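Any read-out appearing in this document is the output of simple, stated calculations on the displayed coordinates, not a laboratory observation. Quantities reported herein were computed from a predicted structural model and do not represent experimental measurements. When we count neighbours, we look across all protein chains shown, and the Cβ atoms used for this are built from the backbone with ideal geometry, even at glycine.
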Amino acid sequence: MVLRNSGRRYAEPDADGEASRDDGPSSSSVSALKRLERSQWTDKMDSRFGFERLKEPGEKTGWLINMHPTEVLDEDKRLVSAVDYYFIQDDGSRFKVALPYKPYFYIAARKGCEREVSSFLSKKFQGKLAKVETVPKEDLDLPNHLVGLKRNYIKLSFHTVEDLVRVRKEISPAVRKNREQGHSSDTYTAMLSSVLQGGSVIMDEEETSKKTADQLDNIVDMREYDVPYHIRLSIDLKIHVAHWYNVRHRGSTVPVEITRRDDLVERPDPVVLAFDIETTKLPLKFPDAETDQIMMISYMIDGQGDRGRGHRGL
């Protein structure tokens, strides 16, 4: 009897031993308990490779080798998004820490409607939004942005990435519709404004927008909504792989402090694993896990490696 690998991925078992089902886009219905169990299972797997999470207060110096989004419990026992940072010390020992950070994106409202839109969204998405604030940002779409002009954007911050995705999906159709309507009316508005006196037309538009029953009609753009969460945090806090950092842990109720050490330049010698998987596939198509077979797996660890192959698949 020949065992045949179809290439299909099977989900890892949960903490209770049952295989979890990967429902793709419908994963937003996953309960907070399941997400917590998934995070705990990740901690268990990381500990097998020596990356124990710091629990006791103290300070360590490590070389950052990896980062990965996760979720942790805050002081109110609420699940919040965070990023796990993986470090190697100069003696080869390993550890990791989690840094909570609120995911966010920006929306643009019609001129003069920022307050009304902010109030509407705070009520509509109560429980999902952690904070709503208006901030000035540079807008490269402005004709004269090079002179330093800025536009007010509404910054929506969330407790978890899952909440961000849910709100984004609900806002996106309205933004798309409003943007299309705005493009079609720009020419007419410009001609009308040039004929009538002063800015009375613009003021009338602002007053009409403020009285709109559904303030979603006043949201005309979204910005930075597609930046991956861990990359967003690295950009904002300037935490990058392949650098030395001082990591100060002061307990579970205080966020960890990660400070870069530019004076340390000699890097450690990590164990590097590289692998390559060769599969069958149809012409001009990418491999399909449902139909294609694995033909060969090659791997290399610190310059030494091997490959395995099979006539009918591994």
- prompt: Which length gain, in nm to one decimal place, applies between residue 224 and residue 278 when the Cα-Cα distance is subtracted from 0.36 nm times their residue separation?
  reply: 15.8 nm
task: Multiply the residue separation of residue 33 and residue 271 by 0.36 nm, subtract the distance between their alpha-carbon atoms, and state the gained length in nm to one decimal.
output: 82.2 nm
message: Suppose the Debye formula is applied to equal point scatterers at every Cα of the stretch 43-90; what is log10 I(q)/I(0) at q = 0.15, 0.22 Å⁻¹?
response: -0.47, -0.97
message: As an exercise, use a Förster radius of 45 Å and the Cβ-Cβ distance of residue 111 and residue 56 to find the FRET efficiency, rounded to the nearest 0.05.
response: 0.25
message: Please compute the modelled spin-label separation between residue 214 and residue 142, points set 7 Å along Cα→Cβ, answer in nm with one decimal.
response: 3.1
message: How far apart, in nanometres, would the label points at residue 49 and residue 124 be if each is projected 7 angstrom from Cα along the Cα-to-Cβ direction?
response: 4.2
Förster-model FRET efficiency, 22 Å R0, residue 150 and residue 237, C-beta, rounded to 0.05: 0.45
